[in-house]
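One structure below.
Bear in mind these aren't lab numbers, they're just calculated from the coordinates by the rules spelled out. Because the structure is a prediction, the values reported are computed rather than measured. Because the Cβ atoms are built from the backbone with ideal geometry, glycine has one as well, and the counts that use them run over all protein chains shown.
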Amino acid sequence: MPDSFWILLAAKMLTTAIIVVAASKVVERAGPFFGAMVATLPISAGPSYIFLAAEHGAAFVHDAALTSLATNAATFGFGAIYALLASQRPLWFALGLSFGLWILAALALVRVRWTVETAGLLNVAIFIPAWLATRGCRATPPGRPPQTRWWDIPFRAALVMALVGFTVVIGRLLGPAEAGVAALVPIVMYSLAIILQPRIGGIGAGAVIAHALPGLVGFGLAVAVMRLTVLPLGAASSLALALCVCICWNVGLALARHIPLQRAARS
């Protein structure tokens, strides 16, 4: 592998680790919703697609994005299952079962020939029951204040960097459909669960992941936009447009939540 690959990989690992640690701090200080908004930005998938575009070109990204869109539906399921289990089960069980089911779903999805329409419908079909099932998780405040340990931040950063590095290297060796799945491995949500559940309890960690579900809707829209625009616009413009979609969606969600709260406080 060329030296440029390792440099970019190190940059992605470091950036993702910084963002995940920052998101966990936001959760602890500003609450689950705002932490989830940070976590559902394209922190991991974005750099993965930059790698794919630089190495394989727009056509490869075009093919990979379609599988990524379908895989986003599996991430709705992962988030909902973890959120529902985390309040009652230990981390190893809640995260192991939810992520294990995500892997099985991803293996099945990669074998299907998707269109934008069918992959979009799959997202809707999974999101609606996942959103409804986790209403109680979003309404429940964290169960306990954070438990601070001196090694937390180095451990968080090292763990996330290891997960990112493994995923990128594996994704590089695969074809476009498999790379589209590898780019959508829920590294950030997985890492947040590992970090937050021991610190704020399963109820609080589940609330963060449950709040992430609507953010994933915007991410799915961004992947669809990338699929539709990468060939006519080129990879750079398409990726920038997809990033704008993610940011605008999460800002819109934050405003939609903030404005009613302000009105309620004034009345």
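Subtracting the Cα-Cα distance of Ser237 and Lys25 from their residue separation scaled by 0.36 nm leaves 73.1 nm. Stretching the chain fully between Ala162 and Thr115 yields a gain of 13.6 nm (0.36 nm per residue, less the alpha carbon separation).
By the count of other C-beta atoms within 10 Å, a proxy for reagent exposure, Leu107, Leu196 are ordered fewest to most as Leu107, Leu196.
Note on Leu101 and Arg257: with the Förster distance fixed at 35 Å, the Cβ-Cβ geometry gives a FRET efficiency of about 0.75. The Cβ shell under 13 Å around Pro214 holds other residues with a net charge of +3, Lys and Arg each +1, Asp and Glu each -1. Can you tell me how region 1-143 classifies by the Cα gyration tensor, rounded, prolate or oblate, using a/c under 1.5 as the rounded cut? Oblate, since a/c reaches 1.5 and b/c is not below a/b. Taking 7 Å steps out from each Cα toward its Cβ at Thr140 and Ile18 produces label points 3.5 nm apart. Summary of packing: across the peptides 119-126, 65-72, the per-residue average of other C-beta atoms within 10 Å ranks them, highest first, as 65-72, 119-126.
Shown for His56, His211: other C-beta atoms within 10 Å of each C-beta, ranked fewest to most, produce the order His56, His211. Among Trp131, Trp249, a tally of other beta-carbon atoms within 10 Å of each Cβ gives an order, fewest to most, of Trp131, Trp249.
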